[in-house]
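This report concerns only the one structure given below.
Every read-out reported here was derived from the displayed coordinates using simple, explicitly stated rules and does not represent laboratory data. Not measured: the values here are computed from a predicted model. No Cβ is skipped: glycine too gets one built from the backbone with ideal geometry, and neighbour counts run over all protein chains shown.
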Amino acid sequence: MTRWAKVFEEAIVAGDFDKMAAVVDWLDACRSRNLEALLDFYAENASLECVCERAGPSGRSALAAYWRPKLAGASPDAFSLEEITPQGEDVVLDYLGFEGKPVRLTFAFDARGKISHSRCEPAAR
């Protein structure tokens with residue numbers, strides 16, 4: 001595939017991409033405790049800003065280290081959907097985090113439909 005064909009294909013993918021559905025699928029991966037499926041939603045150089053824990057993992061291995069213990073030790077009601085809304089180019093997800101506490105996570109996506117950056121913080125109930 002030529003470079004321009006690849007750029008054109010990526011633009012078509014991004015244009016048809018449903019960010020809200022991707023976030024719901026991301027949450028399903030969390031509920032199923034599937035780390036590899038979860039990581040597949042992220043771009044290779046993706047970053048996460050976690051206000052809750054003052055953490056900032058960046059890249060696949062750092063994100064794996066961040067998410068692995070959260071998925072393994074999740075409470076029974078973890079990763080329950082509260083609300084999902086578009087916010088400009090981003091998607092905001094309110095859900096119950098791994099401890100069962102309300103969390104707000106904002107997702108930004110790259111041109112290929114992968115999560116490029118996310119930011120989590122405690123959410124009001």
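Residue 62 sits among other residues whose Cβ lies under 14 Å from its own Cβ, and their net charge, with Lys and Arg +1 and Asp and Glu -1, is 0. Once you list every other residue whose beta carbon is under 11 Å from the beta carbon of residue 97, what net charge do they have if Lys and Arg are +1 and Asp and Glu are -1? Net of charged neighbours comes to -3.
Its Cα centre serving as origin, the chain has a Cβ charge dipole (Lys and Arg +1, Asp and Glu -1) of approximately 380 debye. With the charge dipole of the chain set up from +1 on Lys and Arg Cβ and -1 on Asp and Glu Cβ about the Cα centre, the Cα lying farthest toward the positive end among the listed residues 27, 108, 43 is that of 43.
With loop membership from DSSP and a limit of 11 other Cβ atoms within 10 Å, the longest segment of the chain without GluC sites (Glu not before Pro) is 1-52.
Could you work out [θ]222 nm for the chain from helices alone, using -39500 (n - 2.57) per DSSP H run of at least four and dividing by all its residues? Round to the nearest 500 deg cm²/dmol.
-10500 deg cm²/dmol
Neighbours of residue 74 by Cβ distance under 14 Å: Lys/Arg scored +1, Asp/Glu scored -1, total +2.
So what is the relative contact order for the range 18-122, in percent, with contacts set as C-alpha pairs under 8 Å and at least six apart?
After rounding, I find 28 percent.
Gaussian network model of the chain, Cα springs within a sub-10 Å range: biggest mean-square fluctuation belongs to which of 54, 33, 112? Looking only at 54, 33, 112, the biggest GNM fluctuation is shown by 54. Across the range 97-110, rounded Karplus estimates of 3J(HN,Hα) from the backbone phi angles (6.51 cos²θ - 1.76 cosθ + 1.60, θ = phi - 60°) give x, 4, 8, x, 9, x, 10, 10, 10, 9, 10, 10, 10, 8 Hz, Gly and Pro being marked x. Amide H to amide H distances under 5 Å link residue 100 with 75, 79, where only residues 5 or more positions off or on other chains count and H is placed in the peptide plane.
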